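Participant: Structure incoming, see below.
The values are calculated or read from the model by the stated rules, or taken from the named source; none is laboratory data. In this text the structure is predicted, and so the values were computed from the model without any measurement. All Cβ positions, glycine included, derive from the backbone under ideal geometry; neighbour counts span all protein chains shown. SASA here: full protein model, heavy atoms, side chains in, ligands and nucleic acids out. Shrake-Rupley method; radii C 1.70, N 1.55, O 1.52, S 1.80 Å.
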Amino acid sequence: DVKVTQSSRYLVKRTGEKVFLECVQDMDHENMFWYRQDPGLGLRLIYFSYDVKMKEKGDIPEGYSVSREKKERFSLILESASTNQTSMYLCASASLGSYNSPLHFGNGTRLTVT
Amino acid sequence: GENVEQHPSTLSVQEGDSAVIKCTYSDSASNYFPWYKQELGKRPQLIIDIRSNVGEKKDQRIAVTLNKTAKHFSLHITETQPEDSAVYFCAASRSDDMRFGAGTRLTVKP
């Protein structure tokens, strides 16, 4: 069974801090994703990566960056956290042909920026 | 790009009744339609999916129907149980894009 692990379940950060959200998957999946989940808005794609060191912007990349130095790890970076980035962040992975195969999600990180 | 609308946003049913959640999509190139269930405090998990070459798929109490002409697909849950209470998300995807609906909060009352 695929396991996607996010390093933190809850995080509280101050405005202006640099924040790292880590995600690791154990199924050798090529594709990894970062989503943001907000009530009434569903899941919105921030960034995705289809290979090591490769990244593509999703629908809401502003204020975020990502890093994929190893296949199993995909990091989301908030360069300077702001209160409107308070949200639930979900990491996901999928095998090749990702948009036509199921996503495997992590448990999520609930980030609060004060 | 693709736009997915999901209705209703909340749904409350009595245990044993059926529940139906509907999604519409805009891009006729979409060809894969998964449904995810997210229980409170847990990760979204795939419960059923359907591809565009199939009109209906069933897995025990869960079924999904797809109408490509009308660009809508629906999740049907029969004989609902309290453990079906969760948020359900639909999605529509093509080879280079996937979009989620806003979610439906289903409550099954015992």
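Participant: For the stretch A:50-62, state whether one or more residues are closer than 23 Å to B:PHE100 by Cβ, modelled with pLDDT of 95 or more and more than 14 Å from chain B (Cβ to nearest Cβ).
Facilitator: yes
Participant: If I go through the stretch B:43-56 residue by residue, how many of them are touching a Ser or Thr at 6+ places or on another chain (Cβ under 8 Å) and surrounded by fewer than 16 Cβ atoms within 10 Å (Cβ to Cβ)?
Facilitator: So the answer is 2.
Participant: I'd like the full set of residues that are within 13 Å of chain A (Cβ to nearest Cβ) and open to solvent by 50 Å² or more (accessible area, probe 1.4 Å), limited to the stretch B:13-42.
Facilitator: B:ALA29, B:ASN31, B:GLU39, B:LEU40, B:GLY41, B:LYS42
Participant: Which numbered condition trips up A:SER82, out of (1) open to solvent by less than 20 Å² (accessible area, probe 1.4 Å); (2) modelled with pLDDT of 95 or more?
Facilitator: (1)
Participant: Return the pair list, or none, for Cβ contacts closer than 8 Å from residues in the stretch B:1-24 that are over 17 Å from A:LEU43 (Cα atoms) to residues that are modelled with pLDDT under 95, at least 6 apart or on different chains.
Facilitator: B:GLU15/B:PRO110
Participant: Oh, and also: Suppose we filter the stretch B:86-110 for residues that are away from every other protein chain (no Cβ under 14 Å) and surrounded by 20 or more Cβ atoms within 10 Å (Cβ to Cβ); how many remain?
Facilitator: 2
Participant: Another one. B:GLU5: open to solvent by 40 Å² or more (accessible area, probe 1.4 Å) and more than 12 Å from chain A (Cβ to nearest Cβ), yes or no?
Facilitator: The answer is no for B:GLU5.
Participant: Which residues, counting only those in the stretch B:55-85, are within 14 Å of another protein chain (Cβ to nearest Cβ) and touching a residue at least 24 places away in the same chain (Cβ under 8 Å)?
Facilitator: Hit for the stretch B:55-85 is B:VAL64, nothing else.
Participant: Another question, then. Which members of the stretch B:66-85 meet the condition of being among the β-branched types (Val, Ile, Thr) and either open to solvent by less than 40 Å² (accessible area, probe 1.4 Å) or under 22 Å from A:LEU43 (Cα atoms) (or both)?
Facilitator: B:ILE77, B:THR80
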